[in-house]
1. Can you confirm whether Thr181 is farther than 30 Å from Arg108 by Cα and among the hydroxyl-bearing types (Ser, Thr, Tyr)?
2. Report, by residue number, each residue of segment 210-236 that is modelled with pLDDT under 80 and of a type in the set (D, E, K, R).
3. Of the conditions (1) part of a loop (DSSP other than H, G, I, E, B); (2) among the polar types (S, T, N, Q); (3) in contact (Cβ under 8 Å) with a residue 12 or more places away in the chain, Gln101 fails just one. Which one is it?
4. What pairs can you find where one residue is in segment 193-211 and open to solvent by 40 Å² or more (accessible area, probe 1.4 Å), the other is in a loop (DSSP other than H, G, I, E, B), and their Cβ atoms are less than 9 Å apart, with a gap of 6+ or different chains?
5. Could you list, in sequence order, the residues of segment 219-261 that are open to solvent by less than 90 Å² (accessible area, probe 1.4 Å), closer than 26 Å to Thr202 by Cβ and either in contact with a Cys (Cβ under 8 Å, 6 or more places away or on another chain) or part of a helix (DSSP H, G or I) (or both)?
6. Could you tell me which of the residues Ser32, Ser126 is open to solvent by less than 70 Å² (accessible area, probe 1.4 Å), part of a helix (DSSP H, G or I), of a type in the set (Gly, Ala, Ser) and within 30 Å of Ile149 (Cα to Cα)?
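The values are calculated or read from the model by the stated rules, or taken from the named source; none is laboratory data. As the structure is a prediction and not an experimental result, all values here were calculated from the model. Glycine gets a Cβ as well: all are built from the backbone with ideal geometry, and neighbour counts include every protein chain shown. Heavy atoms of the whole protein, side chains included, go into the accessibility calculation; ligands, DNA and RNA do not. Shrake-Rupley method; radii C 1.70, N 1.55, O 1.52, S 1.80 Å.
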Amino acid sequence: MGSLISAGFILVLIVIAVMVLLYFVPVGLWISAIAANVTVNIFTLVGMRLRRVPPDKIVLPLIKANKAGLGVHVDQLEAHYLAGGNVDKVVDALIAAHRAQITLPFERAAAIDLAGRDVLEAVQMSVNPKVIETPVVSAVAKNGIELKIKARVTVRANIDRLVGGAGEPTIIARVGEGIVTTVGSAEAHTDVLESPDDISKTVLGKGLDAGTAFEILSIDIADVDVGRNIGAELQTDQAEADKRIAQAKAEERRAMAVAKEQEMKAYTQEMEASVVKAQAEVPHAMAEALRSGNLGVMDYMNLKNVQADTDMRDAISHVGGQKKTTPPPIPSGGK
């Protein structure tokens, strides 16, 4: 019984050892590589396991590359995987470029992949150009009429400038800027409506693809719509602003006039108060003059007569509608 248990235990250990060996030595994958006429050292596969690199992620793309006639080495694929790249997509891009007779070394394809771009899509776009549709671009001609333009840009990927080159948003922004500049230089919006292809020719001649990852093949105007009369709206807004400024200035002048009127009223009231005060002092001064003998009784009576005569003449002149000027009477008497 004890020998039977020992034999079972040894059998389990053998099974575990075989499983561990098959894990570290992917014999099936090694046989597949040999069958595909791809030389891969079995110790290299074991080293991949130790470096935590899935052997199938390297061997299968290697078999595919060798079948396509590409001179790719296993160390290159493993280094690219360890750098965080997509080995399978890089190999597919190399095969596509090789079939399309596009020069694309492995190092450049790996650099494009590590830069975050889809290298396979770039190769496909280099063979089959892509059409980018711009959003509606609003531009204003010199006569103030707004035009809303939509364009289609046909681009082809430039493999040599994929690393460090600008992307599609830059192309769209530059095309929009070119459309705005071209329409803005037109004398009237009707000139643009008559020949919209002039926009394409002018924008295409500006070299908008410089520094980008694409090569612009054509720019086609897809749609042109007439928008608002921006010039008239600006003139209306300016007139409204001028009106508000004029109203503000008029209100300022009115406020100043009211303040001036209030100031004059206050001054008049102050002067009237001074006159009333001075008139109140007259009886006291005359009484003092009479007491001191500086003014006689007859002189006082003559002064009253003169004042009464002056009041009568003033009343007559107001009744007649025209003030008559007569010489004042000569007072008589003395002290």
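1. Answer is yes for this residue.
2. Result: Glu233, single match.
3. (3)
4. Asp198/Ala186; Thr202/Ser185; Gly211/Gly164; Gly211/Gly165
5. Across segment 219-261, the qualifying residues are Ile230, Gly231.
6. On inspection, the qualifying residue turns out to be Ser126.
For (1) within 34 Å of the chain's Cα centre (by Cα); (2) within 17 Å of Asp160 (Cβ to Cβ), each residue gets a yes or a no:
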{"position": "Val91", "(1), (2)": "no, no"}
{"position": "Ala96", "(1), (2)": "no, yes"}
{"position": "Ala100", "(1), (2)": "no, yes"}
{"position": "Ala110", "(1), (2)": "no, yes"}
{"position": "Ala115", "(1), (2)": "yes, yes"}
{"position": "Glu121", "(1), (2)": "yes, yes"}
{"position": "Val127", "(1), (2)": "no, yes"}
{"position": "Lys130", "(1), (2)": "yes, no"}
{"position": "Glu133", "(1), (2)": "yes, no"}
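For every residue, the table says whether it meets (1) touching a Ser or Thr at 6+ places or on another chain (Cβ under 9 Å); (2) modelled with pLDDT of 90 or more; (3) not charged (D, E, K, R).
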residue: Gln101; (1), (2), (3): no, no, yes
residue: Ala122; (1), (2), (3): no, no, yes
residue: Asn128; (1), (2), (3): no, no, yes
residue: Glu146; (1), (2), (3): yes, no, no
residue: Ile159; (1), (2), (3): yes, no, yes
